[in-house]
1. Can you pull out every residue in the stretch A:284-335 that is touching a Pro at 6+ places or on another chain (Cβ under 9 Å), over 21 Å from A:Phe255 (Cβ atoms) and in a loop (DSSP other than H, G, I, E, B)?
2. Report the residue count in the stretch B:9-42 for those that are of a type in the set (D, E, K, R) and surrounded by fewer than 19 Cβ atoms within 10 Å (Cβ to Cβ).
3. Is it true that some residue in the stretch B:47-67 is touching a residue at least 24 places away in the same chain (Cβ under 8 Å), within 30 Å of A:Phe79 (Cβ to Cβ), more than 9 Å from chain A (Cβ to nearest Cβ) and within 23 Å of the chain's Cα centre (by Cα)?
4. Only one of A:Thr271, A:Thr289, A:Thr261 is touching a residue at least 40 places away in the same chain (Cβ under 8 Å), within 20 Å of A:Phe71 (Cα to Cα) and not charged (D, E, K, R). Can you tell me which?
5. When you look at A:Ile61, is it in contact (Cβ under 8 Å) with a residue 12 or more places away in the chain and within 8 Å of chain B (Cβ to nearest Cβ), yes or no?
6. List the helices (runs of 4 or more DSSP H) inside the stretch A:19-86, counting only whole elements, that have at least 1 residues being within 17 Å of the chain's Cα centre (by Cα), within 19 Å of A:Gly176 (Cβ to Cβ) and not small (Gly, Ala, Ser).
7. Given A:Thr121, A:Thr127, which one is polar (S, T, N, Q) and within 14 Å of chain B (Cβ to nearest Cβ)?
8. As an exercise: evaluate B:Ser455 against (1) at pLDDT 95 or above; (2) in contact with a strand residue (DSSP E or B) (Cβ under 8 Å, 6 or more places away or on another chain) and give the number of the one condition it does not meet.
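The values are calculated or read from the model by the stated rules, or taken from the named source; none is laboratory data. Quantities reported herein were computed from a predicted structural model and do not represent experimental measurements. Neighbour counts run over all protein chains shown; Cβ positions are idealised from the backbone, glycine included.
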Amino acid sequence: MTLNTLWFIFIAILYTGFFVLEGFDFGVGILLPFLGKNDLQRRTIINTIGPHWDGNEVWLITAGGATFAAFPNWYATMFSGFYIPLFLLLIGLIIRGVAFEFRGKDDNPRWRNLWDWCLFTGSLVPTILFPIAFSNMVRGVPIDANMQYVGGFFNLLNPYALLAALAVALLILLHGASFLSIKTTGEIEQKAKELVRWLWLLVVLMLVIFLVTSFIITGVLQRLNVLSILFPVLGVLAVLVAGYFLRKGHFGRAFLMTCLTIVFVIFTIFTFLYPRVMVSSLNPDWSLTIQNAASSARTLRLMTIVTLIFLPIVLLYQAWTYWIFRKRITNDAGKLTY
Amino acid sequence: MDVLLLARIQFAITIIYHFFFVPLTLGLSLVVAILETIYVSSGKEIYKQLTKFWGKLLLINFAMGVVTGIVQEFQFGMSWSEYSRFVGDIFGAPLAIEALVAFFLESTFLGVWIFGWDKLSKGLHVTTMWLVAIGSHISAIWILIANAFMQHPVGYTITDGRAELTNFSQVIFNLPIFSHYPHVFSAGLVTVAFFMLGISAYHLLRHNEIDLFKPSFRIAAIIGVIGTIMVGVIGHTQGQEINQTQPMKLASLEALFNTENPASLSIITIKNPFTDELVLDLRIPGALSFMEYNRFTGEVKGINQLQAQYEGQYGAGDYVPPPVITYWSFRSMVGAGLLMILISLVALFIDLRDLYEKYPWFLKLLPFAIALPYLANTTGWILTEVGRFPWVVYGLVKLEAGVSKAVTSGMLLTSLIGFILVYGLLISTTVYLMLKFAKAGPAGALEVPEEFTPSIVNPPESQ
């Protein structure tokens, strides 16, 4: 395997880590105003993700930094081309990040309500924008011969991208609701479980439609390989198994399956992309690829060494934090931190 | 307005805003780690209260640093994509390593620290704060390594129109990093010292919880004396380094229009912007040579000669950073720095002699002195960055060659207005909360019940 392919896989892994981990805390953030009827319930919901959200978000920062280091042209074309969506993403992440810290610092109900809605908005915006960005990258966007994005903002809001946004947003909601169902007790737990059962069928439906559409729209049918069939099939399989566990009442296992579903959906997108990183809709030769977008072999080698040492360490200590905070959060005001 | 100007304004505003929070995080995370270490090793409850009180202010500050930091990482690609293409092979690596090695560490363990008071042993809990502090500093080092490449590019070769890495250890051990990190480190100490002095003085004046704020005041005064003197000494060596790496920056900040040997140090220089005539120019003969070479002779090049030299070297163009900005930001930084040395010494003296009751006016002054480190931190970076004009990467990429091509002025205007609005609302909120909790004192910090037993019950899998 070449270094460039390896780095394509690393970037895929970093985004996968981001979607699986931050995915459930985005889902929880979106559900917050609807599942939390009073302040105490909302605090309980926020406390389920309180210790983790910041560490989860670093997966995105690292994915961004790693793209810059390994594929500077990808980073440059994507970030300048998707300027307005990324600006909206940043505003979302900003109001969300401070909401966690600010919400509990005043007792005024209006103050708390304001930050609850910031948390909601800041969770919803990325949940919609990321699938729009990635579906466009694989579908193809106007990129000229000089690697410059020449489309506008509304170019990105095509039916395929909106379908991706809807399918992924539902999946993230299911993911977040399953997380809540294993991290809370009482009324919230019951409501989360109800929601999970209700959402599941919708997710299966939308996911299948999205994956089938992807096969048609991305032109992957002309260059099928084992992985581009395997990953979508596994994705659908994982969400079906999640349904089985839901029926049996094994919500913890169902959550693991929604994790896997997200993993395979991301892998599917990246497999469809490979060996390109951003497809040009104007001329296939103008697409950014793992070759023409990449850094020098020296930099890739250096970054490989750093990543192979530190990524496992990060995984270990993040896993440890999930072990430390593995207990359910109860509706007991005295026991909540946020 | 044109894209370049808007992109510059946006970068300036967002980076200045971001760096408002960074030095306090660097200093305060260390102080909180030290306070908790004292609590763990001595078992004294008072240090636990101090840890929680200063820790709460750290958290508010930290959150702002995190969310404004993401903007910076994205902005290179968003508004400076051509710069990113040119330097990505070198500049991307420190940013990625920063995220992977440092940012994961600080963010993950801060979450554990906040929520882990009853879930971890005391020793493990204080370790998490140390990891947060260490993570913040490693983070600062990598960011400064990236910045050092912009100030003084090394370890690269130009291939296919971009800079490619040839020697990573040269990039890491780049000359500016040896003064920039110590400078930022000690600026962090100074910032936390004045932050703590101001808040402690406020409470001591009102006789609130004296047993808590006297130790805080003492710790802050000691850190203040060490930090302010350190920053001065390092700043001096940095001036000499700038003479080697960016002589134009030096000439500009000294308003030295023509080469001199021995070179004079400007006390005050004012130029009429319309006629270009010097209105006032008070200088100490030979003093600038002394600052640069530690002796009273030695040539320091002037703006006019350097401009001519660069035109020959890089072609026609303006190579003079606006002296009004560099000159006055340098003097604001140094002026604030000298004042802070004095204030720290007086504060330490007052504490050692227990003269709190005797000089209430000094204590009344201290809350306002919190502004001084912020003034110095901000003007220091303005000097460093504006002084690099017209280069994004010194000698390699000019500003206009770095800005994004796919971005229109309409987009930049939208985001600029958006950031100004959101950042404006957030700074008001942050100041409001800081004031609220600083004034409330430790009692306020303990509103949240500190001992909460593990929330029950069944591990996730059992239903």
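1. Result: A:Ile290, A:Gln291, A:Ala293, A:Ala294, A:Ser295.
2. Looking only at that region, the number is 0.
3. yes
4. Criteria check complete, one pass: A:Thr271.
5. When the stated conditions are applied, A:Ile61 does not pass them.
6. A:39-49, A:53-70
7. That would be A:Thr121, the only listed residue that is polar (S, T, N, Q) and within 14 Å of chain B (Cβ to nearest Cβ).
8. Every condition holds for B:Ser455 apart from (1).
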